[in-house]
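Undergrad: Sharing a structure, written as structure tokens. Questions coming.
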Amino acid sequence: MLNTTTETHPVAHATTPDGEVLIAVRHSAQAWSALTVAGEGAEAELAADDVRPYPESPWLGRALARGRLRPIPRHELRRAGLEFASVNPLADLLDLGTAVGLFRLDLTGVRLVGREVVPVDPDAFAAADPDPLHLIERELLEDLRLHHRAEIASLTTPPGQGDVPVRLDRYGLVLALPGLRRIEFPTPADCPSCVSRMLRLSHTNHP
């Protein structure tokens, strides 16, 4: 089985809104040789690691997607490239079809690896909606740290003085107290203003 983890064959990847797992590789990269030698239908495993917004943020683990590789045919490259770019606007996609190739990973299994290994049904994975706050998590946390420390501290009982926001998703906020504590939102927060409402933050304009 071809392993496309970040340690062995670094690749760029994206999961499209339709649940397709796409892999983009430069022809000059070691991964290109590995993928082309493996050939169509070869079994591969793609690893995607969580990227922590701060060194003190808890690591959420790694997703392992296993499946069979299929090169995207030339007549589908434009469509697939646009879908890739909608999720991961990679500059290398400008060379798609010349210096960059695109593969599809037809899923046969997905695992989430953290403190324990959790299997995920491939159909459920494909149908899942990405967290809308993921790409702006660091930006939102930075605003909470710089402008709302007192309000964040008041969320804990008793109110803390050193509470630091370290993770954020649509379902809640994680604070370092210095131990970790999660504050669950009553309903999903799907936009920055939703986060403000859930946390009852002031709306003072900041420079």
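The values are calculated or read from the model by the stated rules, or taken from the named source; none is laboratory data. This one's a predicted model, so the numbers in the text were calculated from it and none came from an experiment. Cβ placement follows ideal geometry from the backbone for every residue including glycine, while neighbour counts extend to all protein chains displayed. These area figures cover heavy atoms from the full protein model, side chains too; ligands, DNA and RNA do not enter into them. Shrake-Rupley method; radii C 1.70, N 1.55, O 1.52, S 1.80 Å.
Undergrad: Below 15 angstrom from the Cβ of residue 149, what's the summed charge of the other residues (Lys, Arg +1; Asp, Glu -1)?
TA: It works out to a net charge of -2.
Undergrad: Within region 1-96, list the GluC sites (Glu not before Pro) lying in a DSSP loop whose Cβ has at most 15 other Cβ atoms in a 10 Å radius.
TA: 7, 40, 56
Undergrad: With springs only between Cα atoms under 10 Å, which of 13, 148, 75 fluctuates most in a Gaussian network model of the chain?
TA: Result: 75 has the largest fluctuation of those listed.
Undergrad: Which value, in Å², gives the accessible area per residue of region 72-194 when a 1.4 Å probe is used on the protein heavy atoms?
TA: Per-residue value: 59 Å².
Undergrad: Ok, one more. Pop out the carbon and sulfur fraction of the accessible area of region 1-154 as a percent, whole number, probe 1.4 Å.
TA: 55
Undergrad: What shape does region 59-140 take by its C-alpha gyration tensor, where a ≥ b ≥ c are the square roots of the eigenvalues and a/c under 1.5 counts as rounded, a/b above b/c as prolate, and the rest as oblate? Write down the numbers at each step before the final one.
TA: On the way: a/c = 2.33, a/b = 1.37, b/c = 1.70.
Oblate is the answer for region 59-140, as a/c is 1.5 or above yet b/c matches or exceeds a/b.
Undergrad: Just subtract the alpha-carbon distance of residue 135 and residue 190 from 0.36 nm times their residue separation and send over the number in nm, one decimal.
TA: Extra length from residue 135 to residue 190 when fully extended: 18.6 nm.
Undergrad: Give me the net charge for the shell around residue 114: Cβ to Cβ below 14 angstrom, other residues only, Lys and Arg +1, Asp and Glu -1.
TA: Taking every Cβ under 14 Å from that of residue 114, the sum is +2.
Undergrad: Report the accessible area of residue 107, computed with a 1.4 Å probe over the heavy atoms of all protein chains in place, in Å² rounded to the nearest 10.
TA: Its heavy atoms expose roughly 40 Å² to the probe.
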